[in-house]
Every structure is written in C-alpha cells, then in structure tokens.
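Report on the following structure.
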C-alpha cells in the first residue's frame, strides 16, 4: 500500500500549509479531485519527490520514500501532454523506460512486447510526430511498463483526448493497473474518468484531502 501520513507543505507566501493524508491500494486507481489551485499538482510533486514536505511520512509497503530522490523512487509520472520526443519513433520513445545497460536484443524484444500490450503492435518505427493523441499516451504507457515501477501518477492524462479515445485509453489504464498491480493515483477534474476508474476518491478541500 502507498500511504501518505500528514505530508505538510507550503509554497512561499502561502498562509496555511497543505496537510495531505491518503492510502492507495495495489491494483486500484485512487482519484484526486479539487478546484483549480487547490493543490492537486503539489500533491503529485510531493509523491514524486520533486518537492519535500516540512513533515509527515510517505511509505510504500512500509518502506520510507521521503529519503529517496525522485529518480530512485518507485514512481512513474504521466502528464496530459509532452510525454514523447516528437523526433523519435514509438519504439525509441518507449525504450527510454528500459533499465540502463539492457542488452539491445533483449531491449528490442521488451519494447515490442510493451507496445503490443498497449495495442500498438506494428507501430515500432512510426515517428511520434505522426501519432494521434491517444497513440502517444499509449506509447507513454508502454514506457511506464518498461520502467516497471509500482506507483503510477497520472496528471489529467485524458483531458486532451476526444471522447472515444478518452474512454478506450482510460480502460487501458484500468486494465494495466489491475494486471501489473500498480498503485495508480489519478488527478482529474472529469467526473466520468473518476466514476469509470477509481476505487477510492479523495477531494482537496481547504488544503486537506477528504475521502469522498
């Protein structure tokens, strides 16, 4: 279980600090909602290690995460856009998730398997600039598969997609979360995404997480 216990943080000039506590179970999606500026991105930054809390605890299966720098945390982050290098192919973008030193033949096989798992078999050499928005998100998910990290943070990952692509992409996220036992934390303002995916839902109100 991913657990945050009273993570306290304030931006410069912020009068009242945030106090964040949540639990995210493996194989489930935990949704975070709240008004614009309520602290949703701040929460993800704390979980990812981009900023450090003043106090509190963050653990995964009882192991401390706060002492780890961002690159060492068992966390992957998927944003709304800008997830890929446009001049690289789908294969090259996905391969960025491979552990350093992976032998080339092994890496090519793993990348092909990951692209197939997200529904992009045969797209290996297609340049990212020529992919649709939904296909780009699938390549980013393939890269996440290759990173093999148990926590997936999603920051409005479907908001740039049309309705049908949004539906199929979030179905894929749900299936991958269950299949790989990810602790997926989804920030979204879209009620349909939360209803379709979330096993648990928290809302940020006055700088604190409240279970919905």
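The values are calculated or read from the model by the stated rules, or taken from the named source; none is laboratory data. The structure displayed is predicted, hence computed values, not measured ones. No Cβ is skipped: glycine too gets one built from the backbone with ideal geometry, and neighbour counts run over all protein chains shown.
Some observations on this one:
- Filter result for the condition that a residue is in the same structural domain as residue 185 (by TED's automatic domain parsing) and either within 26 Å of residue 196 (Cα to Cα) or buried (at least 18 other Cβ atoms within 10 Å of the Cβ) (or both), over 52, 48: 48
- Residues of region 68-86 that are part of a loop (DSSP other than H, G, I, E, B), surrounded by 10 or more Cβ atoms within 10 Å (Cβ to Cβ) and either at pLDDT 95 or above or touching a helix residue (DSSP H, G or I) at 6+ places or on another chain (Cβ under 7 Å) (or both): 68, 73, 74, 83, 84, 85, 86.
- Checking each residue in region 23-42 for being under 11 Å from residue 186 (Cα atoms) and part of a helix (DSSP H, G or I) picks out 40, 41.
- Residue 12 satisfies every condition listed in (1) within 24 Å of residue 197 (Cβ to Cβ); (2) without any contact (Cβ under 8 Å) to a residue 60 or more places away in the chain except (1).
- Identity of the residue in region 26-38, under 23 Å from residue 207 (Cβ atoms) and out of contact with any strand residue (DSSP E or B) (no Cβ under 7 Å at 6 or more places or on another chain), that ends up surrounded by the most Cβ atoms within 10 Å (Cβ to Cβ): 35
- Scanning region 19-34 for residues that are in contact with a helix residue (DSSP H, G or I) (Cβ under 6 Å, 6 or more places away or on another chain) and on the phi < 0 side of the Ramachandran plot yields a count of 4.
- Test: residue 41 is buried (at least 17 other Cβ atoms within 10 Å of the Cβ) and within 17 Å of residue 156 (Cα to Cα): no
- From the list 16, 23, the lone residue that is more than 30 Å from residue 124 (Cβ to Cβ), within 19 Å of the chain's Cα centre (by Cα) and surrounded by fewer than 20 Cβ atoms within 10 Å (Cβ to Cβ) is 23.
- Number of residues in region 97-125 that are in contact (Cβ under 8 Å) with a residue 24 or more places away in the chain and surrounded by 15 or more Cβ atoms within 10 Å (Cβ to Cβ) equals 12.
- Being modelled with pLDDT under 95, under 30 Å from residue 33 (Cα atoms) and surrounded by 15 or more Cβ atoms within 10 Å (Cβ to Cβ) holds for only one residue in 157, 150, and it is 157.
- Residue count for region 169-212 under the criterion of being closer than 15 Å to residue 133 by Cβ and surrounded by fewer than 14 Cβ atoms within 10 Å (Cβ to Cβ): the result is 0.
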